[in-house]
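A short worksheet on the structure shown next.
Bear in mind these aren't lab numbers, they're just calculated from the coordinates by the rules spelled out. Since we're looking at a predicted model, the values are computed, not measured. Cβ: placed from backbone, ideal geometry, glycine included. Neighbour counts: every protein chain shown.
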Amino acid sequence: MLLENIYSPTDLKKLKPEQLPVLAAEIRTFLLETVSTTGGHLGSNLGTVELSIALHYCFDSPNDNIIWDVGHQAYTHKILTGRRDRFHTQRQYKGISGFPKRCESEHDAFGVGHASTSISAGLGMAAAAGIEGRRNHSIAVIGDGSLTGGMAFEALNQAGHLKKNLIVILNDNEMSISKNVGAFSAFISRKMTGRYYRDLKKEMQALLKHIPAFGTDILHFARRAENSLKGFLTPGALFEALGFDYIGPLDGHNLQQLVDVFKNINELDGPLLVHVMTTKGKGYQPAEETPAKYHGVGVFDVATGKGAPKPDIKSYTDVFGETLVQMASEDSKIIAITAAMPDGTGLNPFSQRFPERFFDVGIAEQHAMTFAAGLAVEGFKPVVAIYSTFVQRAYDQVFHDICLQNLPVTIVMDRAGLVGDDGPTHHGAFDLSYLRHLPGLLIMAPKDENELRHMLKTAIYSGVPCALRYPRGAGYGVALDCDLKCLEIGKGEQLIIGSDLTIIAVGATVYPALQAAEALGINGISTGVVNARFVKPLDKELLLGVARQSGMIMTVEENALQGGFGSAVLELFHDNELHNVKVRRLGLPDQYVEQGSQAQLRKDVGIDAEGIIAAAIEFMK
């Protein structure tokens with residue numbers, strides 16, 4: 001086994017080129033064996049095995065910076081850089097991250113988790129090297145999906161202008177090219193990056209410049225001819241126009257070809273873009289046939305490709321998708337929008353039923369919001385479904401293009417709160433804090449999947465900007481009402497009346513609060529529970545009433561405490577001069593919560609039933 005002796009890129013470089021395909025096969029087997037027992041991002045990582053090997057074989061990490069966009073294709077990189085023995089802990093509680101993380105390894109040049117950042121980061125590193133006179137490479141590996149993000153094009157534009165020593169590897173696993181054209185183009189790329197060709201080109205340029213009268217004209221003609229040839233044989237005209245030297249497309253699974261080109265470009269300066277064609281799920285037939293299904297997987301059986309049976313209880317995501325289809329069948333003005341996640345947000349059924357009213361804008365959250373605002377101006381009812389953590393990328397558009405103009409756009413934030421194994425880059429921990437202060441924005445969070453249905457109707461027909469957040473995973477299995485109703489705006493729900501203490505909970509923390517109240521009652525503490533429903537506006541009458549009644553209030557939320565729901569309740573009490581009311585806030589601490597199961601993380605931060613009970617007993621003392 002070659003893999004057993006690879007602990008660093010230095011060990012990798014000891015292998016002969018003909019041994020590299022054998023190593024690639026061993027890594028694929030290792031990935032399948034490990035990810036099938038831990039879950040994780042499978043398809044994208046099977047597709048980048050050869051690319052990762054070639055990069056570490058030809059470049060000098062960590063002296064050369066390798067930046068993986070998003071990072072869910074960097075498993076082979078982690079294995080080759082000393083984490084093979086710990087790889088079974090990836091995405092597990094207190095294990096290694098599923099994404100590159102600077103504090104985890106010197107070979108993780110940049111921490112990632114959100115898309116379209118690699119070129120900007122790589123350009124910053126290249127600029128720093130230029131200022132200090134260092135001769136090293138910054139290599140940004142970005143997928144074709146991430147290239148749809150506007151930030152990537154902003155970085156490409158500046159990189160072409162600065163002419164720094166930046167290499168962009170475009171990992172293209174969606175486009176297809178003819179085998180003949182691809183093979184010939186790869187041949188041209190190898191020849192055009194070779195030392196002989198480059199030296200000859202420099203000598204010819206110098207010679208033509210010194211020919212009197214017409215030498216410059218011949219040089220311009222030669223450049224146009226070269227660009228025309230490359231443009232005819234390759235799809236690189238856009239990148240050439242941005243100031244990059246374009247190389248490719250290359251077969252991303254042909255190690256000899258990758259190594260040849262990477263060794264050549266190791267000696268080149270200036271911005272280069274290397275176009276590499278890969279196949280998601282390469283080497284594992286189920287993943288190759290259905291790559292979307294194997295992008296992110298749970299535990300599964302390698303032999304059959306089948307995962308663990310799904311729970312009978314529907315997820316919040318599924319209930320949202322079904323409810324939106326139900327509403328759209330009755331209202332032709334309802335539009336669904338997402339940013340490269342139709343499956344993850346439950347919008348696939350909508351896209352199939354109403355294709356003319358469904359828009360996937362790619363990894364472009366900012367555009368999604370303003371696009372929705374434009375639809376709202378024309379009288380439509382746009383619903384933008386995005387994970388909470390990614391709505392952060394579109395804050396200015398939510399403020400300026402939606403809320404400031406009071407446009408009725410519904411922002412549906414899936415994966416709000418603690419999402420589990422993907423860790424701090426994906427926890428939806430801050431949405432209440434960064435949205436609550438926007439004037440005119442209605443904010444809701446359901447206690448269960450049935451309330452989600454009614455809140456969705458409330459949001460869409462509120463006539464104002466609205467944000468609706470709910471957690472990842474299964475609901476509670478409650479019965480779903482057939483008829484949808486609009487809730488009264490800003491009205492909470494008193495579930496239990498208590499004389500000693502009242503817990504005001506919102507969203508995913510309501511049921512744990514009910515469990516805690518029952519246990520506290522057995523221990524002689526009369527505990528009331530309020531389902532706030534609305535984070536903005538708060539139910540002023542209800543909350544002030546329970547505060548005056550019990551004098552002891554505990555708020556519970558699955559959001560950062562700073563500026564969150566509990567802060568809103570404190571502000572309400574202060575503004576109404578309830579100075580004698582004692583308040584204890586439970587929520588996410590002022591730190592980035594690491595990965596782990598949702599249950600474990602909620603236990604750690606003290607917002608599960610046991611944590612609420614312990615905090616309440618301490619508070620009552």
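Could you tell me the calculated FRET efficiency between Ala292 and Asp144, based on Cβ-Cβ distance and R0 = 22 angstrom, to the nearest 0.05? Efficiency for this residue pair is about 0.90.
Label point of Gln515 set 7 angstrom out along Cα-Cβ; within the stretch 576-611, amide nitrogens under 12 Å from it belong to 599-600, 602-603, 607-611.
Quick one: net charge of Thr10's neighbours, Cβ under 14 Å, K/R +1, D/E -1?
-2
Calculated mean residue ellipticity, 222 nm, the chain: -12000 deg cm²/dmol, from DSSP H runs (n ≥ 4) at -39500 (n - 2.57) each, averaged per residue and rounded to 500.
Amide H contacts under 5 Å for Leu561: Leu588, restricted to partners 5 or more places along the chain or on a different chain, H placed in the peptide plane at 1.01 Å from N. Dipole magnitude for the chain: computed about the Cα centre from +1 point charges on Lys and Arg Cβ and -1 point charges on Asp and Glu Cβ, it is near 1140 debye.
What residues from the stretch 373-417 fall in the zone where the backbone N is under 20 Å from a label point 7 Å along the Cα-to-C-beta line of His437? Within reach of a label on His437, which here means backbone N under 20 Å from a point 7 Å along Cα→Cβ, the stretch 373-417 contributes 389-406. Note on Gln19 and Leu162: with the Förster distance fixed at 51 Å, the Cβ-Cβ geometry gives a FRET efficiency of about 0.85.
Looking at the chain, the DSSP beta bridges with both ends there are about 15 percent antiparallel.
To make sure I understand, if each residue's beta carbon is the centre and we count other beta carbons within 10 Å, what order do Met369, Met151, Met277 fall in, fewest to most?
Met151, Met277, Met369
Close amide H contacts of Gly95 (hydrogens built in the peptide plane, cut-off under 5 Å, sequence separation of 5 or more or a different chain): none are found.
Label-to-label distance, Arg134 versus Tyr476, with points set 7 angstrom from Cα along the beta-carbon direction: 5.4 nm.
Packing here is the average count of other Cβ atoms within 10 Å per residue, and on that basis the peptides 17-29, 453-465, highest first, run 453-465, 17-29.
DSSP bridge analysis restricted to the stretch 438-593 gives an antiparallel fraction near 20%, rounded to the nearest 5. Between the listed residues Ala24, Leu484, Gly281, the Cα displaced farthest toward the positive end of the dipole of the chain, a dipole computed from Cβ unit charges relative to the Cα centre, is found at Ala24.
Karplus-derived 3J(HN,Hα) values for the stretch 561-573, using 6.51 cos²θ - 1.76 cosθ + 1.60 with θ = phi - 60°, are 5, 5, x, x, 5, x, 4, 5, 5, 4, 4, 4, 5 Hz; glycine and proline are entered as x. Taking the centroid of alpha carbons for each part, the stretch 279-330 and the stretch 592-619 are 29 Å apart.
Strictly greater than 47 Å: what percent of every Cα pair in the chain meets that? So the portion of pairs separated by more than 47 Å is 24 percent. Rounded to the nearest Hz, the phi-derived 3J(HN,Hα) couplings of the stretch 28-39 under the Karplus curve 6.51 cos²θ - 1.76 cosθ + 1.60 (θ = phi - 60°) are 4, 4, 4, 4, 4, 4, 7, 5, 5, 9, 10, x, where x marks glycine and proline. What the phi angles of the stretch 484-499 give under the Karplus curve with 6.51, -1.76 and 1.60, with θ = phi - 60°, is a coupling list of 8, 9, 8, 6, 6, 4, x, 10, x, 9, 8, 8, 9, 9, x, 9 Hz, glycine and proline written as x. Length gained on full extension, Ala237 to Asn406: 56.7 nm, using 0.36 nm per residue less the C-alpha separation. Between amide H atoms placed 1.01 Å from N, distances below 5 Å from Ala416 occur with Ser388, Tyr470, Arg472, all of them 5 or more places distant or on a separate chain. For the stretch 493-620, the spread of Cα positions along the three principal axes, ordered from largest to smallest, is 40, 33, 23 Å.
Separation of the alpha carbons by more than 30 angstrom is noted, of Lys310/Lys536; Lys282/Lys310; Lys282/Lys447; Lys280/Lys381; Lys314/Lys485; Lys16/Lys78, for Lys310/Lys536; Lys282/Lys447; Lys280/Lys381. As a proxy for reagent exposure, Asp401, Asp343 were ordered by neighbouring Cβ count within 10 angstrom, fewest first; the result is Asp343, Asp401. Would you work out if the stretch 381-496 is rounded, prolate or oblate? Take a ≥ b ≥ c from the square roots of the eigenvalues of the alpha-carbon gyration tensor; rounded if a/c is under 1.5, else prolate when a/b is larger than b/c, oblate otherwise. In terms of gyration-tensor shape, oblate.
The relative contact order of the chain, computed from alpha carbon pairs under 8 Å that lie at least 6 residues apart in sequence, is 11 percent.
Between Gln256 and Thr304, the distance separating the two model label sites (each 7 Å from Cα on the Cα→Cβ line) works out to 4.1 nm.
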